[in-house]
1. Putting +1 on Lys and Arg Cβ atoms and -1 on Asp and Glu Cβ atoms, find which of Ala331, Trp64, Thr178 reaches farthest to the positive end of the dipole of the chain.
2. Report the extension gain between Asp60 and Arg99 in nm, rounded to one decimal, defined as 0.36 nm multiplied by the number of residues separating them, less their alpha carbon distance.
3. So which residue, out of Gln302, Gln126, Gln209, gets the largest mean-square fluctuation from a GNM of the chain using Cα contacts under 10 Å as springs?
4. Which percent of Cα pairs goes in each bin when the distances of region 25-255 are cut into 5 angstrom slices starting at zero?
5. What list of ³J(HN,Hα) couplings, whole Hz, do you get for region 56-62 from phi and the Karplus terms 6.51, -1.76, 1.60, once you set θ to phi - 60° and write x for glycine and proline?
6. Largest first, what is the accessible-area ranking of Cys273, Cys343 with a 1.4 Å probe?
7. Sort Ile67, Ile337 by accessible area with a 1.4 Å probe, largest first.
8. What figure, in Å² to the nearest 10, do you get for the accessible area of Met135 with a 1.4 Å probe and non-protein molecules left out?
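The values are calculated or read from the model by the stated rules, or taken from the named source; none is laboratory data. As the structure is a prediction and not an experimental result, all values here were calculated from the model. Glycine also receives a Cβ, built like all others from the backbone with ideal geometry; neighbour counts cover every protein chain displayed. Accessible surface areas use protein heavy atoms only, side chains included; no ligands, DNA or RNA. Shrake-Rupley method; radii C 1.70, N 1.55, O 1.52, S 1.80 Å.
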Amino acid sequence: MAQQILEKTAVPTPRVEAPTLVPAQQSTLAPAPELSVILPSFNERANIPVMVERLSRALDGIDWEVIIVDDNSPDGTAALARGLGAQDRRVRSIRRIGRRGLAGACVEGMLASSARYVAVMDADGQHDETLLAAMVAKLRQGDTDLVVASRYIDGTINTGFSAARAKASHWSTALTRTLLKVNLTDPMSGFFMLRRDVIDDLAPKLSTQGFKILLDIAATGRDTLRVTELPFVFGARLHGESKLDARVALDFGQLLLAKLTNDAISYRFVLFCLVGLTGIGAHMTALAALHGLGVPGFGLQQTIATMVAIAWNYVFNNAYTYRDQRLTGWAFVRGLIVFELVCSVGAISNVGVASLIYAGGPSWWIAGLGGAVMGAVWNYTVSAAVVWKAA
Ligand code: GDD
Ligand code: MN
């Protein structure tokens, strides 16, 4: 079935005639459509033509466009999307370079729209596009700002979920409702539609990392947004595989932490500190090795071990803490040098602050902890600004 649809891609679009306008005016005055459907994509090449085909059928009678926001997928999704757009102006696309992340892609796609309404859905066919017309109808009534397609109303059966994933989803939903006071049956849904003007206010406060874009929107706008939920059945993917499985829990933890602490503690900072803790192990191992090799002088041994530990931290922060802005090639080398310098200053300020606290009287461990926290905050803040600049 999917294969059949795939074969008849890029069906020519019937254009609405505007008889009173001459062609030049027609092209400059064509207003934005009523609805933009944002399809975040990573390696969805085989699914995109099917999605466009399905959207044009489901949205017959509605003025719509689709915006495919692709993070430079290796399978060439972006080129394919642009090709479809060349034949059909309802198909727009954004190719993001050097960035990864579902939430950020959704925000960027929504901001690129001038439509009255924007929808977000998976690009893999898991979300029932026939619900879109009902969602538009709901928003047109004017008493709703956000329509959520929920997998958990009316005991809907979902075929797109493994048993473990279903359990995790239920559990995290309960947690969100209690902790974040977001009153949705399905705050993790990736399928929703909202008024475009709402996004301008919310966007600066939304996290660009992670997957839980709806939860973020609902939690950030919980005092102002009027929300309606509609049921749908979460289907199976057409082609390819899920990108989320391994990282869903991590992502959830991140958003929960950020929202609960009013953005005071970022998940990035927690990861940065965890990497720093493993750095202590790297430090001690290097020190033992240098000692064993008979490198002259403890001062020199300790200095080299410190540099090794900083390099270790750099590699792991670059791979995990900043995996969405990972540095490669020369940028990686440059980053390493800058990180070494930043953290050396961090180490000096750590000792300075600790000595100061110690001199003031409290116990050795309060002084030590104070110094370590000071060092960590310094390293984190400064490296975010000068090493991974886009943070
Ligand atoms: N641009 C971009 N960048 N798109 C991404 C990225 C990314 O880093 N990661 C995933 N996507 C795209 C996928 O290509 C897909 O179109 C959509 O985002 C959702 O990713 P899937 O890999 O299909 O996720 P899922 O089906 O396992 O998860 C679904 O359920 C979750 C709730 O449990 C999605 O609907 C999620 O949005 C939802 O939170
Ligand atoms: Mn999916």
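1. Ranked along the dipole, the leading option is Ala331.
2. Numbers: separation 39, 0.36 × 39 = 14.04 nm, distance 3.40 nm.
Result: 10.6 nm gained on full extension.
3. Gln302
4. Per 5 Å bin, starting at zero, the Cα-Cα P(r) for region 25-255 comes out as 1, 7, 15, 20, 22, 18, 11, 5, 1, 1, 0, 0 percent.
5. After applying 6.51 cos²θ - 1.76 cosθ + 1.60, I find 5, 6, 5, 9, 4, x, 10 Hz.
6. Cys273, Cys343
7. Ile337, Ile67
8. Accessible surface of Met135 is approximately 0 Å².
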